[in-house]
Amino acid sequence: MNDPLFQTISIGAVELKNRLYMPAMHLNMCKNFLVTEQLIEFYRERAKGGVGLISVGYATVDELSGTPANIGAHLDEHLPGLTRLATAIHDGGAKATVQLNHAGRYNSSLFLGGKKPVAPSPVPCRLTRETPEELSPEKISDTIQRFATAAKRVRAAGFDLVEILAGTGYLISEFLSPLTNKRLDEYGGSLENRMHFGLEVIGAIKKTVGEDFPLLVRLNGNDFMEGGIGPDELLEFAVALEAAGVQALCINVGWHEAQVPQIVTKVPRGAFSYLARDIKHRVGVPVIASHRINDPAIARLLVEEGFCDMVALGRSLIADPYFPEKARTGRDKEIVHCVACGQGCFDHLVKMKSIECLCNPRAGHEYEAQSAKTDKPKKVLVVGGGVAGMSAAIAAADLGHEVSLYEGGMRLGGQLHLAGAPPGRGEFLVFADDLACQVALRDIRVLLNSPVDAKTLEMERPDVAILATGGEPLTPAIPGIERQQVLQAWDVLAGKAATGRRVVVVGGGAVGIETALLLAEKGTLSGDEIKFLLVNGAVAPEKLYRLATTGSKEITVIEMADTLGSNFGKSTRWGMLQDVGRYGVKTLMQAKVLEITEKGVRLEHGGEVRELPADSVVLAVGTRSANLLQKVAEELGIRCQVVGDALAPATVFEANHQGYKAGRSIG
């Protein structure tokens, strides 16, 4: 049977070899708007991986449209870098486009030399906490022309298409939405008027680059903004774009301010694809579905069932550049799936860093020289089959070393099995399987249920030992800590310990919040149950919401600090705290546990001492390193490196990167 993902498709006169599209993502890899080697090699690797079309960007159309870390397309001096970028993508075997955009009120005066960002109307922005300057009619005309001139540079640089971003809350979105467009002239008021700006941008580009240069638009299927524009009006905009000569549509979702999670792990795979289907039913040009499509199975299903003509693989190709080629050659199981954590992509951008990836330590570092495969293999012993250990074993094996991986338990994956236990975090379980698969694909000797001690080290006598022995949960010195009702969060997450109805979780960091949410969902309706009751009209929707969010336990989280979930990444934290409220989890911050009593927890909060009733007390107060082998290895004269929690309490991101670097450093 022909794979629907690998049938050709055309956008205008440009034929693509498959239905896989890498959408534009801000990577923070440019310097003063200029393309860098880091950016070029990042995209060269994705092109080599087999994707049909790559969009780079977004790229700027004028001085107010982006930051110096964006790709520049607003000056002729940007042309040489754009040309080299197009060439690299073509050399890798993919077609290439540039996404042009203007940030509008989402830009910040911090990046504009003190100048105000611009927008249709002076509506304050919750993200930047700035009020933009209203564009005058003259500046609107100038901005439209700057889009066209930038598109001309895109064509001159050798790209195959040009793309316009008309969603996500940026300038064209801002003109479309009554939430940000309060104008009284021909660009405001009715939907027809609010569409003028975007359609005039399209018209100016078509006039400048010619009818034969294909034009793709990325627009929202739903803004998810109260008081904004909804799916029905966006459908009308999609129809108008086709009529204006746009030759393909990529369907995005949400604004950066929207309170609906869009890209995090808890979003089900392909959840927003119905928006692409609705638009596809109204237009005749190719439609691309996007958001949380990280596996060939869901991608194939969407194309086969008519939801879309193509699928967008964004962060999926950051995690595994060779996703397309693996899918094409029937090696789906070898794909390393994006876990949608946001830690290396979105969270890095907030920190003004170029993107990296939790799953792929090479992402963002493709331009760096790599060690050649050794002609003098060393005997390498990796202790611990968690993330850090598997990553180290994989990296060392790729250099040609003789690797043995010892794991004390009966399966590989370590704490990923805890990270994947809470609701909406199952992608971490997939990552455990993905890493185990990568280990199995290599000539790595794996020994399960095999703890390592001094005798093992003496027997193996490796040239190098990489110690990834992990950590163990902390037990604080609190009176009553030894009581039977006191449990460790790790045991609760692992399903090794049951809790009573009233549960107090001590510790409001990531593990504490995840454990609280796991317990809060006990007794709620499942997705299948909700669908059955909804479709059959058995229960009113508002009652279904309560049944979906009201469980059988009373959960309280106690935290000594003044914030919850401080060790979550920014892109994840807000959604997790949103769920804390939705599921009725009570929280006490700046509270100190004084004693665990027979009936509950005695604590100090707000200057008062009181007792909180509890049937179970769950400890989530941190991790300490479990590293008993380093001294033994050193006494035996074995060169060793310590990684992951064994070195210091680490995130999954840190563990994977540390393991990779340790494995690659073996000379």
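Based on other C-beta atoms within 10 Å, arrange SER177, SER316 from fewest to most.
SER177, SER316
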Q.
What does the net charge come to around LEU79 if you take all other residues with beta carbon closer than 13 Å to its beta carbon, with K and R at +1 and D and E at -1?
A. +2
Q: Using per-residue counts of other Cβ atoms within 10 Å, averaged over each peptide, order 255-268, 56-69 from highest down.
A: 56-69, 255-268
Q) Which lysines have a Cα less than 19 Å from the Cα of LYS631, not counting those fewer than 8 places away in the same chain? A) LYS455
Q) Normalised by the residues of the stretch 336-464, what does the relative contact order come to in percent, with Cα pairs under 8 Å and at least six apart? A) 26 percent
(Q) Given an 8 Å cut-off on Cα distances and at least 6 residues of separation, report the relative contact order of the chain as a percent. (A) 11 percent
(Q) If you take every residue apart from LEU235 with its C-beta less than 10 Å away from the C-beta of LEU235, what net charge results, scoring Lys and Arg +1 and Asp and Glu -1? (A) -3
Q: Quick one: order LYS95, LYS31 by neighbouring beta-carbon count within 10 Å, fewest to most.
A: LYS31, LYS95
(Q) Quick query: amide H of VAL601 versus all other amide H atoms, modeled in the peptide plane; which residues come in under 5 Å with a sequence gap of 5 or more or a different chain? (A) LEU612, ALA614
Q) Which value in deg cm²/dmol, rounded to the nearest 500, describes the helix-derived mean residue ellipticity at 222 nm for the chain, given -39,500 (n - 2.57) per DSSP H run of n ≥ 4 and division by the residue count? A) -9500 deg cm²/dmol
**Q.** Test item: Cα-centred dipole of the chain, Lys/Arg +1 and Asp/Glu -1 on Cβ, debye
**A.** 560 debye
Q.
Which one, THR556, VAL535, GLY606, is farthest towards the positive end of the dipole of the stretch 486-621 when Lys and Arg carry +1 and Asp and Glu -1 on their Cβ?
A. VAL535
Q. Under a straight-distance cross-link criterion of Cα-Cα below 18 Å, which aspartates and glutamates are reachable from LYS207, leaving out those fewer than 8 residues away in the same chain?
A. ASP142, ASP160, GLU163, GLU242
Q: For GLU554, enumerate residues with amide H under 5 Å from its amide H, sequence gap 5+ or separate chain, H modeled in the peptide plane.
A: ARG502, VAL503
Q. GluC sites (Glu not before Pro) within the stretch 279-365: which are DSSP loop residues with at most 14 other Cβ atoms inside 10 Å?
A. GLU305
**Q.** Cβ-defined net charge surrounding ILE355, 10 Å radius [Lys, Arg +1; Asp, Glu -1]
**A.** 0
Q) Among 156-166, 496-506, how do they line up from the highest to the lowest mean number of other beta-carbon atoms within 10 Å? A) 156-166, 496-506
(Q) Using 21 Å as the Cα-Cα cut-off, could you pick out the over-long pairs in LYS95/LYS326; LYS266/LYS570; LYS376/LYS661; LYS266/LYS351; LYS373/LYS661; LYS17/LYS152? (A) LYS266/LYS351; LYS17/LYS152
Q.
Residue by residue through the stretch 406-423, what is 3J(HN,Hα) from phi via Karplus (6.51 cos²θ - 1.76 cosθ + 1.60, θ = phi - 60°)? Round to whole Hz and write x for glycine and proline.
A. 9, 10, x, x, 9, 8, 7, x, x, 6, 4, 6, 7, 4, x, 6, x, x
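Where a number appears in this text, it was derived from the coordinates with a stated rule and is not lab data. Everything numeric in this text was worked out from a predicted model, so none of it was measured. Note: ideal-geometry Cβ built from the backbone for every residue, glycine included; neighbour counts use all protein chains shown.
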